[in-house]
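Just below is one structure, and these are the notes that go with it.
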Amino acid sequence: MNSENAIQRFVLNLEKQGLNPDYALAGLAHLKPLNYWEYTQVETLLSLQNPRTHFKDETVFILYHQLTELVFKLMLHEIEQLSTSGFSTQLWLEKTDRLIRYTQLLLNSFDIMKYGMNYDEYAQFRTSLSPASGFQSAQYRKIELHCTSLLNLVHVSKRKTLSSKSLVEELFPFLYWYEAGTHPQSGKKSATLQQFETKYQMELQLLAKQKSGQTLDCLLAQAPDVSADLVHKLREFDRLFNIDWPLVHLQTAKHYLESKDQSKAATGGSAWTTYLHPSYQKRTFFPLLWSQEELTHWGS
Ligand code: HEM
């Protein structure tokens with residue numbers, strides 16, 4: 001494209017948006033040339049690692065959590081586009097492929113956690129982290145709330161006794177992850193859960209209300225025609241996110257918290273050995289895409 005054509009298209013584009021091209025063109029003359037570090041904000045990004053101890057591997061721990069949060073952001077970026085555009089097989093295939101790729105990136109890199117930290121260093125710096133826990137990842141919860149109806153996130157033992165018509169506020173205390181933050185006998189909430197509620201409960205409940213009837217599983221159920229290829233890809237994403245990632249995460253927790261003949265309490269204080277297993281949580285985003293048999297043996 002020659003430069004005259006490019007300018008003409010630029011002007012037309014501005015006019016289409018109701019903007020005055022003269023101002024925009026004058027403004028262009030004052031722009032500084034772009035550089036990599038300002039565009040990517042890399043210096044800000046690299047300034048965000050603040051270990052609480054002197055142990056070198058705490059930096060590995062922080063960076064890998066941050067890397068995961070960035071990937072969660074990529075996933076939400078795709079999922080939000082799916083939930084706001086009308087259903088189109090082509091778009092859903094494309095976005096689901098991306099979701100699979102991002103989840104595989106997390107799975108394939110989890111060894112950075114599992115084998116990439118010195119066991120004794122981890123055992124020491126983790127004592128400074130309580131009650132913080134990955135349990136408090138708001139983006140993880142947002143992915144869930146975008147992907148599936150709230151009732152599918154209710155603890156499996158309560159799912160049949162509650163209704164999808166219940167209010168968000170009524171369903172929330174029965175979400176599967178509330179159990180991890182609640183003492184089974186006293187019913188007292190852990191510090192980890194209390195912190196999380198104070199910071200995110202309102203935002204998450206608002207999102208659940210906005211997404212009611214618009215989550216990916218609902219949009220799928222309303223779609224006129226869902227191709228076998230799309231079903232295959234959605235099942236793969238569901239399996240990777242809700243079975244394979246929880247399993248690799250659980251194995252990593254076991255590696256650090258249950259080896260050397262010791263069983264350590266989690267920083268978030270949950271009964272994690274049971275709770276984190278996908279066959280216990282039985283959490284799936286698209287239950288309609290799985291047979292009863294597959295759901296019964298979910299994660300086993
Ligand atoms: C050595 C590495 C890790 C260990 C030992 C570990 C341990 C745990 C434990 C025990 C829990 C249960 C809640 C609690 O009582 O604290 C948990 C939850 C969680 N962790 Fe990790 N974790 C590790 C790495 C990560 C990483 C890298 C992420 C990425 C963000 C992460 C994200 C999560 C999430 C999202 C939950 C909630 C899962 C759910 O509710 O099913 N964890 N983790």
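The values are calculated or read from the model by the stated rules, or taken from the named source; none is laboratory data. Keep in mind that what you see is a predicted model, and the values were worked out from it rather than measured. Glycine gets a Cβ as well: all are built from the backbone with ideal geometry, and neighbour counts include every protein chain shown.
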Checklist entry - Of the residues LYS114, LYS32, LYS95, LYS56, which is farther than 30 Å from LEU230 by Cα, surrounded by 14 or more Cβ atoms within 10 Å (Cβ to Cβ) and not hydroxyl-bearing (Ser, Thr, Tyr)? => result LYS114
Checklist entry - Restricting to the stretch 212-256, what's the tally of residues that are crowded, with 18+ Cβ neighbours inside 10 Å and free of Cβ contacts under 8 Å to residues at least 12 places away in the same chain? => result 1
Checklist outcome for this item: Selection from the stretch 1-52 of residues more than 30 Å from PHE125 (Cβ to Cβ) and among the hydroxyl-bearing types (Ser, Thr, Tyr) yields SER3, TYR23, TYR36, TYR39
Next on the checklist: For the stretch 243-271, which positions are out of contact with any Asp or Glu (no Cβ under 9 Å at 6 or more places or on another chain) and over 21 Å from GLU121 (Cα atoms)?
Outcome noted: ILE243, ASP244, TRP245, PRO246, LEU247
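Yes or no, residue by residue, for (1) under 20 Å from the mean Cα position of the chain (by Cα); (2) farther than 18 Å from LEU206 by Cβ:
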| site | (1), (2) |
| --- | --- |
| TYR115 | no, yes |
| PRO131 | no, yes |
| LEU153 | yes, no |
| LEU175 | yes, no |
| GLU179 | yes, yes |
| HIS183 | no, yes |
| GLY187 | no, yes |
Checklist outcome for this item: Being within 16 Å of the ligand (Cβ to nearest atom), in contact with a Lys or Arg (Cβ under 7 Å, 6 or more places away or on another chain) and either part of a helix (DSSP H, G or I) or more than 21 Å from ALA223 (Cα to Cα) (or both) narrows LEU67, LEU76 down to just LEU76
Next on the checklist: Would you confirm whether or not the stretch 162-171 contains a residue that is crowded, with 20+ Cβ neighbours inside 10 Å, within 9 Å of the ligand (Cβ to nearest atom) and of a type outside the set (S, T, N, Q)?
Outcome noted: no
Next on the checklist: What pairs come out if I take residues in the stretch 101-123 that are of a type in the set (D, E, K, R) and pair them with residues that are at pLDDT 95 or above and away from the ligand (no atom under 12 Å from the Cβ) whose C-beta lies under 8 Å away, six or more apart or interchain?
Outcome noted: GLU121/PHE55; GLU121/LYS56
Checklist entry - What residue, of ASP238, ASP229, ASP225, ASP217, is in a loop (DSSP other than H, G, I, E, B), farther than 16 Å from MET113 by Cβ and not small (Gly, Ala, Ser)? => result ASP225
Item to check | Subset of the stretch 175-207 (residues that are of a type in the set (A, V, I, L, M, F, W, C), modelled with pLDDT of 95 or more and within 16 Å of the ligand (Cβ to nearest atom)) | outcome: LEU175, TRP177, ALA191, LEU193, PHE196, LEU204
Item to check | Unique residue being at pLDDT 95 or above, more than 16 Å from the ligand (Cβ to nearest atom) and of a type outside the set (A, V, I, L, M, F, W, C) when the list is ASP244, ASP229 | outcome: ASP229
Checklist entry - Is it the case that the stretch 29-39 has a residue that's at pLDDT 95 or above and either in contact with a strand residue (DSSP E or B) (Cβ under 9 Å, 6 or more places away or on another chain) or closer than 30 Å to ALA208 by Cβ (or both)? => result no
